[in-house]
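The values are calculated or read from the model by the stated rules, or taken from the named source; none is laboratory data. Values in this document were obtained by computation on a predicted structure and should not be read as measured data. Note: ideal-geometry Cβ built from the backbone for every residue, glycine included; neighbour counts use all protein chains shown. Areas reflect the complete protein model, heavy atoms only, side chains present, ligands, DNA and RNA absent. Shrake-Rupley method; radii C 1.70, N 1.55, O 1.52, S 1.80 Å.
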Amino acid sequence: MAKFSSEVEVRGHLIDSMILTKIFDVIMDLGGEFEVLQMTVGKKKKEPSYAKLQIQGKNQEHLDKILEQVYREGATPTVGKNVVLKAAPKDMVMPEDFYSTTNNTTEILLSGKWITVDNMMMDKCIVVKGNRASCTPIRDVRKGDLIVVGETGVKITPPERPREGSNVFAFMGSSSSSERPTQHIAKKVAEDIFKTKKSGGKIILVGGPAIVHTGAADSIAELIKLGYLDGVLAGNALAVHDIEYATLGTSLGMNVHDGSLAIKGHRNHMDTINAVFRAGSISEMVKKGILRRGIMYECIKNKIPFVLAGSIRDDGPLPDVITDTAIAQREYKKVLKDAKMVIMVSTMLHSIATGNMLPAHVKVIVVDINQPTVTKLMDRGTWQALGIVTDVGAFLPLVAQEIKKIRK
């Protein structure tokens, strides 16, 4: 064995999920060398493969740099070493060289036993308490917490290509384009939503006000009513314009059904905010019979949790909006817990924020007419997302129609 070398191994669906290719690319891109010492390829679709590699660097520092990246692609040392822990020096301060998490399924080797890390999210640390390990944001770190440092004893399992070959993720792959047959994609998305719910999966919507502006609010309200959405995450604007549309027929003062400008329409969204404050809250508007339809109405009538996270640009905001971002983030996480699919529609900021909270095994569909919005979400780390670049006003009604066809 060369002086500055190390043996690693990797298991799983290495070829069709491109895991081995990514490892090779990392080594070569960083100027390292590798030799495949052993390789066994699964002969059937569901059989995993195995590979043992020897990786060589120019010096120890160079080798360590390569190994750090290779471990993050799913490789592990052939000789298991326990994870290294250091105590947090003070509240909200992590030790130097803390392990920064990915959103992939992660395990740590603790006292010779592999332990799965709970609540995986990207860009956090791992706190160990007893025989439990959890992904923890920096503001929740307390002095004395034992935190994983370095890459030793950490194992990542990258998501693999779906084996079933029938859902929209297998059909489209994790990329985005506007040059695709919208009707066919809508049908595939509807099938996947239906199958997810049929198997007991939890589906969350992350939405922006364009849902209302483009005339898709009725479709989302119907999906909630039919039981296909289990939570709604949004900002002040979606709720305001949904209620504006439900009570006044406009969105930002424009008549939704024909696009004409309503008389004195410029004040409609402020009138809506005022009406909610007059009632006391959105739920009070429903209770008093003032709000009788729409996305927020269906959430309240069907006891579907929703979180409205505020921003510095909000008008009002509505009394239901959480203006403390740290609290809003925690409430988002509660709704997202155990989600199997998240559908993100026309909201760059809320989509990226939500994507950062999700483990990589959660299916993500992002729909936006703006290509950079879809691309930026993936570039920020939610690479498992399926991007659909299209008009949400046309796409969401198609999805709702296809679901109703399947139900029959």
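With the condition kept exactly as written, say whether any residue in segment 165-179 is surrounded by 19 or more Cβ atoms within 10 Å (Cβ to Cβ), at pLDDT 90 or above and outside any strand (DSSP E or B).
Among the residues of segment 165-179, not one is surrounded by 19 or more Cβ atoms within 10 Å (Cβ to Cβ), at pLDDT 90 or above and outside any strand (DSSP E or B), which makes the answer no.
Taking the options A239, A246, name whichever one is closer than 22 Å to V286 by Cα, open to solvent by less than 10 Å² (accessible area, probe 1.4 Å) and either outside any loop (DSSP other than H, G, I, E, B) or in contact with a helix residue (DSSP H, G or I) (Cβ under 9 Å, 6 or more places away or on another chain) (or both). Reasoning before the result, please.
Working: A246 fails: open to solvent by less than 10 Å² (accessible area, probe 1.4 Å).
That would be A239, the only listed residue that is closer than 22 Å to V286 by Cα, open to solvent by less than 10 Å² (accessible area, probe 1.4 Å) and either outside any loop (DSSP other than H, G, I, E, B) or in contact with a helix residue (DSSP H, G or I) (Cβ under 9 Å, 6 or more places away or on another chain) (or both).
Say we look at segment 36-55 and pick out the residues that are among the hydrophobic types (A, V, I, L, M, F, W, C) and open to solvent by 40 Å² or more (accessible area, probe 1.4 Å); which of these is farthest from T21 (Cα to Cα)?
Across segment 36-55, the extreme among qualifying residues is L37.
Looking only at residues in segment 361-399 that are aliphatic (A, V, I, L, M) and surrounded by fewer than 22 Cβ atoms within 10 Å (Cβ to Cβ), which one is nearest to P159 (Cα to Cα)?
Looking only at segment 361-399, we keep the residues that are aliphatic (A, V, I, L, M), and these are 362, 364-367, 369, 374, 377-378, 385-386, 388-389, 392, 394, 396, 398-399.
Keeping just the survivors that are surrounded by fewer than 22 Cβ atoms within 10 Å (Cβ to Cβ) gives 369, 378, 389, 394, 398.
Details: I369: 27, M378: 15, V389: 24, A394: 31, L398: 29 Å.
It comes out as M378.
Are any residues in segment 61-83 farther than 15 Å from I156 by Cβ, of a type outside the set (V, I, T) and open to solvent by less than 20 Å² (accessible area, probe 1.4 Å), and if so, which ones?
Of everything in segment 61-83, just one residue is farther than 15 Å from I156 by Cβ, of a type outside the set (V, I, T) and open to solvent by less than 20 Å² (accessible area, probe 1.4 Å), namely L63.
Provide a single number: the residues in segment 197-231 that are open to solvent by less than 30 Å² (accessible area, probe 1.4 Å), β-branched (V, I, T) and in contact with an Asp or Glu (Cβ under 7 Å, 6 or more places away or on another chain).
4
Give the number of residues within segment 292-325 that are in contact with a Pro (Cβ under 9 Å, 6 or more places away or on another chain) and farther than 14 Å from V232 by Cβ. Write out each step before concluding.
Let us first name the residues in segment 292-325 that are in contact with a Pro (Cβ under 9 Å, 6 or more places away or on another chain), namely 299, 308, 310-311, 323.
Retained after the next criterion (residues that are farther than 14 Å from V232 by Cβ): 310-311, 323.
The total comes to 3.
Which one of these does F194 not meet: (1) of a type outside the set (A, V, I, L, M); (2) in contact with a Ser or Thr (Cβ under 6 Å, 6 or more places away or on another chain); (3) surrounded by fewer than 22 Cβ atoms within 10 Å (Cβ to Cβ)?
(2)
Consider segment 14-47. How many of its residues are assigned to a helix (DSSP H, G or I), free of Cβ contacts under 8 Å to residues at least 24 places away in the same chain and either within 23 Å of F4 (Cβ to Cβ) or of a type in the set (D, E, K, R) (or both)?
So in segment 14-47, the residues assigned to a helix (DSSP H, G or I) come out as 19-29.
When the remaining residues are screened for being free of Cβ contacts under 8 Å to residues at least 24 places away in the same chain, the result is 21, 24-25, 28-29.
Then keep just the ones that are either within 23 Å of F4 (Cβ to Cβ) or of a type in the set (D, E, K, R) (or both); that gives 24-25, 28-29.
The qualifying residues number 4.
Select from segment 280-303 the residues that are open to solvent by 10 Å² or more (accessible area, probe 1.4 Å) and not in a loop (DSSP other than H, G, I, E, B) and write down the one among them that is nearest to L396 (Cα to Cα).
Among those that are open to solvent by 10 Å² or more (accessible area, probe 1.4 Å) and not in a loop (DSSP other than H, G, I, E, B), it is E298.
Can you tell me which residue in segment 317-348 is farthest from the chain's Cα centre (by Cα), limited to those that are buried (at least 18 other Cβ atoms within 10 Å of the Cβ) and small (G, A, S)?
Looking at residues that are buried (at least 18 other Cβ atoms within 10 Å of the Cβ) and small (G, A, S), I get A328.
Go through segment 48-157 and tell me which strands (runs of 3 or more DSSP E), entirely inside it, have 3 or more residues that are under 24 Å from the mean Cα position of the chain (by Cα). Explain how you work it out, then say what you get.
Numbers: elements: 49-56, 84-87, 105-110, 113-116, 125-129, 132-136, 146-149, 154-157.
Counting at least 3 such residues, we get 105-110, 125-129, 132-136, 154-157.
Tally time: how many residues in segment 211-236 are closer than 19 Å to H350 by Cα and either of a type in the set (F, W, Y) or part of a helix (DSSP H, G or I) (or both)?
6
Quick one: which helices (runs of 4 or more DSSP H) sit completely within segment 317-390 and have at least 1 residues that are modelled with pLDDT of 95 or more, of a type in the set (D, E) and within 23 Å of I138 (Cα to Cα)?
325-336
Take K58 and decide whether it is within 15 Å of E160 (Cβ to Cβ), of a type in the set (K, R) and open to solvent by 70 Å² or more (accessible area, probe 1.4 Å).
Against the criterion (within 15 Å of E160 (Cβ to Cβ), of a type in the set (K, R) and open to solvent by 70 Å² or more (accessible area, probe 1.4 Å)), K58 does not qualify.
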